[in-house]
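Below is one structure; the comments refer to it alone.
The values are calculated or read from the model by the stated rules, or taken from the named source; none is laboratory data. What you see is a predicted model, and the numbers here were worked out from it, not measured in a lab. Cβ placement follows ideal geometry from the backbone for every residue including glycine, while neighbour counts extend to all protein chains displayed.
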Amino acid sequence: MYRATRLRPRLRWQRPKPTAQFSRRSLVTDADVDRARQYCIAQLSQDQETDGTRQSDYDAFLIRNFIPQSRRDAYDAFRALNIELVRLPELVSNPTIGQLRVQFWRDAINNTFAGRPPKEPIMILLHDVLSRLAKTSESNPSSIKFWLLRMISTREKHMDNRPFPSLSALEDYAENTYSTLMYSTLAALSIQSTHIDHLASHIGKACGIAAVCKGIPVLASPAPSVKSPDGANVAASRNPVLLLPLDIMAETGLREEDFYRHGPKAEGFQDAVFTVTTRANDHLITAREMLKNIRAGEHPGHEYEHQDEKQHEYSNSDPGQEGLETLLQRGFGVILEAVPANDYLTRLEAVNFDPFTVKSSWKLPWRLWRTHRTQQF
């Protein structure tokens, strides 16, 4: 027979109790962070093409070199996240899967800011950024979280590539994506200035409009097939689409069916592109004049339409002229986003506003360096 014995207390297994804030998933090593950093940089820098579509953000890869090194990881994480969201419509076979993927990123952001990052490279790097920001007194992680969640929600809303009803709707989209990305980086740099936010708003709108025009040749063509888990080709859910604002298309006499039939030779197409990109150029001109006025100690020239939003209200809203100049120098890498947008618009104008014939520019790295050196764009 077996004899029952009592286990002595000192031989019992002692299970570690997880804290309320951190779980086992949040244990991130330096090696994990290094691998996550290399992953994010690779997402920006890779220049291979998949089915004719460039799967990277080379402009951001160049600009990251002008972001202060202590906050470069934040920029890399934000931009890598943006790439993942932009890719979603091309990677999913139906909208339901796309919604699940978006919800994954929303949950990942919430968990990462709660100290429980998932084992995902972008979130691991973001967790390390937040850990370092927590040691500074000027950081505001809640502001970064707000901007990232707003970008995710906007990307989710437009994941089906719905047409923009008006040029103003396109500007709102650009504000909630590209301008919001710039706000996130400014928050990571601990730059709290309504004037600089105002600059970022105009530049981000120009970037967003330029990005939509740049994407016309891609979105107007049939989407490539998607690989299923068993390796079979599955038709993607995206149909060819033209994302020019409907009011501009009506104004210029451009009909969508004519565009699909004749491509860039369709009547009114180049006129519509010209009208849309003129608004982007107007935003860059406005931002350029604002920068001159701010540095001269003058009023920016017009009121900031988003200044009443809570995330743009700062306790020290007037740092003084010397303080503002210091903030501008620290955050000028963010303002450099205007350079690729202006470069694209210039090249688009040179080909009579035909996005299908615009070629890449080898001068962009030099233009970024010159702009950063002169502190003028």
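All of (1) at pLDDT 50 or above; (2) charged (D, E, K, R); (3) closer than 23 Å to residue 360 by Cα hold for residue 49 with one exception: (1). In summary, residue 282 fulfils each of the numbered conditions (1) farther than 16 Å from residue 199 by Cβ; (2) modelled with pLDDT of 95 or more with the single exception of condition (1). Filtering 274, 332 for residues that are aromatic (Phe, Trp, Tyr), at pLDDT 95 or above, part of a helix (DSSP H, G or I) and closer than 25 Å to residue 190 by Cβ leaves a single hit, 332. Here residue 306 does not qualify as assigned to a loop (DSSP other than H, G, I, E, B), over 22 Å from the mean Cα position of the chain (by Cα) and either over 28 Å from residue 365 (Cα atoms) or among the aliphatic types (A, V, I, L, M) (or both).
Return yes or no: is residue 373 closer than 23 Å to residue 71 by Cβ, in a helix (DSSP H, G or I) and among the basic types (Lys, Arg)?
Judged against the criteria, residue 373 is a match.
Counting only helices (runs of 4 or more DSSP H) that sit wholly inside the stretch 137-200, those with at least 1 residues that are surrounded by fewer than 18 Cβ atoms within 10 Å (Cβ to Cβ) and modelled with pLDDT of 95 or more are 141-157, 167-174. Of all residues in the stretch 296-318, those that are modelled with pLDDT of 80 or more have Cβ atoms under 9 Å from Cβ atoms of residues that are in a loop (DSSP other than H, G, I, E, B) and not polar (S, T, N, Q), 6 or more apart or on another chain, in 307/313; 312/304; 312/306. Of all residues in the stretch 325-348, exactly one satisfies the criterion of being surrounded by fewer than 14 Cβ atoms within 10 Å (Cβ to Cβ) and within 28 Å of residue 269 (Cβ to Cβ), namely 346. Residue pairs whose Cβ atoms lie under 7 Å apart, sitting 6 or more positions apart in sequence or on different chains, and linking a residue in the stretch 349-370 that is over 28 Å from residue 271 (Cβ atoms) to a partner that is surrounded by 13 or more Cβ atoms within 10 Å (Cβ to Cβ), are 365/62; 367/339; 367/343; 368/62; 368/63; 368/66; 368/336; 368/339. In this entry, residue 286 passes the filter for residues that are among the β-branched types (Val, Ile, Thr) and either under 21 Å from the mean Cα position of the chain (by Cα) or closer than 22 Å to residue 180 by Cβ (or both).
Selection of the stretch 101-126 for residues being over 18 Å from residue 151 (Cβ atoms) and in a helix (DSSP H, G or I) yields 121, 124.
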